[in-house]
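Throughout, read-outs are computed from the coordinates displayed, never taken from laboratory work. This one's a predicted model, so the numbers in the text were calculated from it and none came from an experiment. Don't worry about glycine lacking a Cβ; one is built from the backbone with ideal geometry, like all the others, and counts go over all protein chains shown.
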Amino acid sequence: MKSILFRYAIILLTLPAVHACAQNTPKDSTNVYVSEGVLKLAEWAQFDYKGQLEKAKTGDVEAIKALLGFHSVADGVDGLNHAVTCLELIPIVGDETFASAVPVFKPKLTKLLLDRLILAQGRTRKDALRNSLTHWAPATWAVLNGQPIPENPDAEKKKQDAIKSGELKLDSEDAKAPRLDNTSIKERQ
């Protein structure tokens with residue numbers, strides 16, 4: 001009888017500890033995982049991690065650059081946990097927005113970022129982010145590998161079809177601005 005009560009007591013005491021150690025990933029898509037260790041490191045480095053993260057969630061490229069630059073400070077487990085945060089930020093801000101923040105870094109930091117994002121795919125709790133970056137974040141993948149950003153294949157196909165059908169015509173005066181109608185700027189004035 002005592003051993004049964006002892007077992008139940010042990011189970012009841014260990015359940016809260018197991019729950020506290022598990023990564024808590026909210027169902028809200030605008031939330032990203034933030035490690036306590038990374039927050040402590042940011043406090044030590046006098047970096048406003050939460051503030052920059054909130055700005056980055058709105059698409060602020062400068063805040064994204066600041067978060068990506070924090071990889072030069074973070075190392076080890078904290079570096080990987082910070083990479084999970086950055087990885088989970090990509091779908092929130094958009095692939096192109098995230099990718100636009102990468103080219104300002106030195107090649108070694110860009111390589112470190114690529115390596116950590118790949119490792120972070122194994123640590124994230126969001127299953128969709130475990131797929132290859134080439135599928136769900138092709139612009140980020142291209143920039144991190146020093147390649148040109150791929151164009152959206154659907155948009156490129158529509159553009160080519162419009163050119164072939166004559167709906168899209170480029171005027172010689174304003175060759176940079178595509179016109180959907182066949183009139184030039186002078187004819188419209």
Review point. Which is farthest toward the positive dipole end of the range 13-144 among ALA66, TRP136, ALA45, measuring Cα position about the Cα centre, with Cβ charges +1 (Lys, Arg) and -1 (Asp, Glu)?
Key: TRP136
Practice item. Enumerate the calculated ³J(HN,Hα) couplings along the range 47-64 in order (Karplus 6.51 cos²θ - 1.76 cosθ + 1.60, θ = phi - 60°), each rounded to whole Hz, writing x wherever the residue is Gly or Pro. Key: 10, 6, 5, 5, x, 5, 5, 5, 5, 5, 4, 8, x, 5, 5, 5, 5, 5
Practice item. Treat each spin label as a single point 7 Å out from the Cα along the C-beta direction, and report the LEU119 to LYS57 distance in nm. Key: 2.6 nm
Check your understanding: Among GLU96, GLU88, GLU62, which comes first, then next, by fewest other beta-carbon atoms within 10 Å?
Key -> GLU62, GLU96, GLU88
Revision key, fill the gap. Scoring only Lys, Arg, Asp and Glu (+1, +1, -1, -1) among other residues with Cβ under 14 Å from the Cβ of LEU67 yields -1
Review point. Exposure proxy check: THR58, THR97 ranked by fewest other beta carbons within 10 Å?
Key: THR58, THR97
Check your understanding: Quick one: if you stick a label point 7 Å off each Cα along the C-beta vector at SER72 and ASN31, how many nm between them?
Key -> 3.3 nm
**Study point:** Cβ-derived FRET efficiency at R0 30 Å, LEU109 paired with SER132, nearest 0.05
**Key:** 0.85
Check your understanding: Charges only on Cβ, +1 for Lys and Arg, -1 for Asp and Glu: so what's the dipole of the range 13-144 about the Cα centre, in debye to the nearest 20?
Key -> 260 debye
